[in-house]
1. When you look at residue 188, is it surrounded by 17 or more Cβ atoms within 10 Å (Cβ to Cβ) and touching a residue at least 24 places away in the same chain (Cβ under 8 Å), yes or no?
2. Given 80, 91, which one is open to solvent by less than 60 Å² (accessible area, probe 1.4 Å), modelled with pLDDT of 90 or more, within 18 Å of residue 149 (Cβ to Cβ) and out of contact with any Lys or Arg (no Cβ under 6 Å at 6 or more places or on another chain)?
3. Filter the stretch 32-60 down to residues that are more than 26 Å from residue 162 (Cβ to Cβ) and either open to solvent by 40 Å² or more (accessible area, probe 1.4 Å) or assigned to a strand (DSSP E or B) (or both), then give me how many there are.
Amino acid sequence: MLFNLFPEDSCHSSQREDTEALRVLMNLPFLRKISIHSYNNKPWGSVPRDVQLAIKTSMRGKHISCVEVIAMSEFPVYLLDGCRSLKELALAASPSCYPVTDKDGVAKKTMTFPQSTRTPIHLEKLSLTMSTDKLAELTDWILSDNCALDVSRVKSLQIRHRSGYSFYKHQGAVSRLLHECSATLDELEVDVYTPGQSDSTFPLDSVTDS
C-alpha cells in the first residue's frame, strides 16, 4: 500500500515513498480496479514521477475495468488511453484535457500511449463530478478524435456539479453526452437545480433532440 503520494507531506522515514510498494503496484496482473484519491484538489504534478509511472503501468493491466480519480486537479486524461478493458470511469476531480506536445518533454515520452494502436474503449458506466467549465472541457475531449473513450454504449450516467456552475453551459455539456448514449442508457442521475439559481427550467427537447 502506498502510504502517501505527496513527498512534501512525508516528514518521517516511515511515511516516505515506499519503493517496495511501488514495485508491487507495477506487478499486479489481475488488478481490476484503480482508485486514485488525492485531497484538497492537489495537482497530479505534485505526485513523484516514479509514482506517476507506477500508476500508468498499472492502468495498462489487461483486466483493469474500473478507474476512479477523486479530489485531484490536473489529472491527465490521456492516461486512460492505456486502459483497454475500461468499462467504468468515475472522475470527481478537475481533469486536464490538453494534448501532450513536444514541449512536455519527459511527460510525452513516458506518460502517453501510441495513437497508431488506438481502438475505441467502450464505457458502460460514467460518473462525473466537477465544475461546469471542466465538464464542458472534458465533454469536448470525450467527443473528439483525440479520445479513445467511446460513450455510445454507456448504460449508467451520473453528472454532478462542484464549485463553479453555469446553468446553460452545464446543460449543454449534459445534452451532448446524453445524445451520444441515448440508445443504451438505462440509469441517469443529473443535477437539475443548484442553490441560488432563480430559473432552473429549460426545454426538455433541448436535451433529447440531436
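The values are calculated or read from the model by the stated rules, or taken from the named source; none is laboratory data. Worth saying up front: this structure is predicted, and the values here are computed from it rather than measured. Cβ atoms come from the backbone with ideal geometry, glycine included; neighbour counts cover every protein chain shown. We work out accessible area using only protein heavy atoms, side chains counted, and drop any ligands, DNA or RNA first. Shrake-Rupley method; radii C 1.70, N 1.55, O 1.52, S 1.80 Å.
1. In short, no.
2. Result: 91 is the single residue among 80, 91 that is open to solvent by less than 60 Å² (accessible area, probe 1.4 Å), modelled with pLDDT of 90 or more, within 18 Å of residue 149 (Cβ to Cβ) and out of contact with any Lys or Arg (no Cβ under 6 Å at 6 or more places or on another chain).
3. Counting residues in the stretch 32-60 that are more than 26 Å from residue 162 (Cβ to Cβ) and either open to solvent by 40 Å² or more (accessible area, probe 1.4 Å) or assigned to a strand (DSSP E or B) (or both) gives 6.
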